[in-house]
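Chemist: First the structure, then my questions, so here it is.
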Amino acid sequence: VDHELVTRLVEGALRAPSPHNSQPWRIALLTRDTQLALGAAMGQALLQDLTTAGADKVAALAQVKRSRDRIAAAPLALVCSTIHARLNFSGDPNGDALEVAMAVQSVGAFLQTFFLLAECELLGTCWMAAPMYCADVVRRVLGLRGDHHPQALVLMGYAAEPGRDRGRIAVEDVVSVR
Ligand SMILES: Cc1cc2nc3c(=O)[nH]c(=O)nc-3n(C[C@H](O)[C@H](O)[C@H](O)COP(=O)(O)O)c2cc1C
């Protein structure tokens, strides 16, 4: 997977909707070195969190290794962040919190559009929430400014086999007429 293809997919995903067209998403395409450094640094942060929570040392180390290996194994990785530069902040705490929530919703629309375009190129994708738990670490490793709020690490590559079907709840449990 090369950065040029991914940039083309990002270009398509830019059509995703966002409130007052704020387009609050930014994408960092990772070099191989940065990908490995990020996996290692986030693993350290995870270990610290697990230790603080009183987790068993051996189990915690195994979990960290699983996470790091998974990140390292991905042919390509990117980090999607929100930025607040074009949000409509008014100073009203409730309104401002909703602006931030809408920026996060927009990232969902952006990434899902990106994933569908990737699927058309036979690329598998996985959304990982880990950067949300260690934003400072992600900013440091990637050299992002403080106004970047990391939302997702996306791992991608040509799938060796079809993804596992995790099933879905029935449509009747989702839709109601009121
Ligand atoms: C906001 C969000 C965070 C997610 N975080 C993770 C994650 O940290 N690790 C992971 O393996 N999958 C993660 N996923 C993927 C979900 O686990 C996955 O979409 C779900 O289990 C359904 O499986 P499927 O998409 O393969 O059908 C995340 C998805 C979303 C939307």
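Chemist: Pick out, in residue order, every one of the GluC sites (Glu not before Pro) in region 62-130 that is DSSP loop and has at most 16 other C-beta atoms within 10 Å; say none if there are none.
Modeler: Details: sites: GLU99, GLU119, GLU121; in loops: GLU121.
For GluC sites (Glu not before Pro) across region 62-130 that sit outside H, G, I, E and B with at most 16 neighbouring Cβ atoms in 10 Å, the list reads GLU121.
Chemist: Which sequence of SER18, SER176, SER90 reflects their accessible areas, 1.4 Å probe, from the largest down? Show your work: numbers first, answer last.
Modeler: On the way: SER18 20, SER176 65, SER90 90 Å².
So the residues, ranked largest to smallest area, are SER90, SER176, SER18.
Chemist: Any idea what the dipole of region 9-72 comes to, in debye rounded to 20, about its Cα centre with Lys/Arg Cβ at +1 and Asp/Glu Cβ at -1? Show your work: numbers first, answer last.
Modeler: Numbers: 8 positive and 5 negative charges, 21 e Å.
Dipole magnitude for region 9-72 comes out near 100 debye.
Chemist: With a probe of 1.4 Å, find how much accessible area the chain has per residue, and write the answer as a whole number in Å².
Modeler: Values: 10960 Å² over 178 residues.
Result: 62 Å² per residue.
Chemist: Restricting to DSSP H runs of at least four residues, report the calculated mean residue ellipticity at 222 nm for the chain, -39500 (n - 2.57) per run over all residues, nearest 500 deg cm²/dmol. Each step should come with its number before you reach the end.
Modeler: Values: 5 runs with 85 residues, N = 178.
The per-residue figure over the chain is -16000 deg cm²/dmol.
Chemist: Can you send over the carbon and sulfur percentage of the accessible area for the chain, probe radius 1.4 Å, protein chains only?
Modeler: Values: 6020 of 10960 Å².
Whole-percent figure for carbon plus sulfur exposure: 55.
The values are calculated or read from the model by the stated rules, or taken from the named source; none is laboratory data. Quantities reported herein were computed from a predicted structural model and do not represent experimental measurements. Here the Cβ is made from the backbone with ideal geometry for all residues, glycine too, and neighbour counts use every protein chain on show. Surface areas here come from the heavy atoms of the whole protein model, side chains and all, with no ligands, DNA or RNA. Shrake-Rupley method; radii C 1.70, N 1.55, O 1.52, S 1.80 Å.
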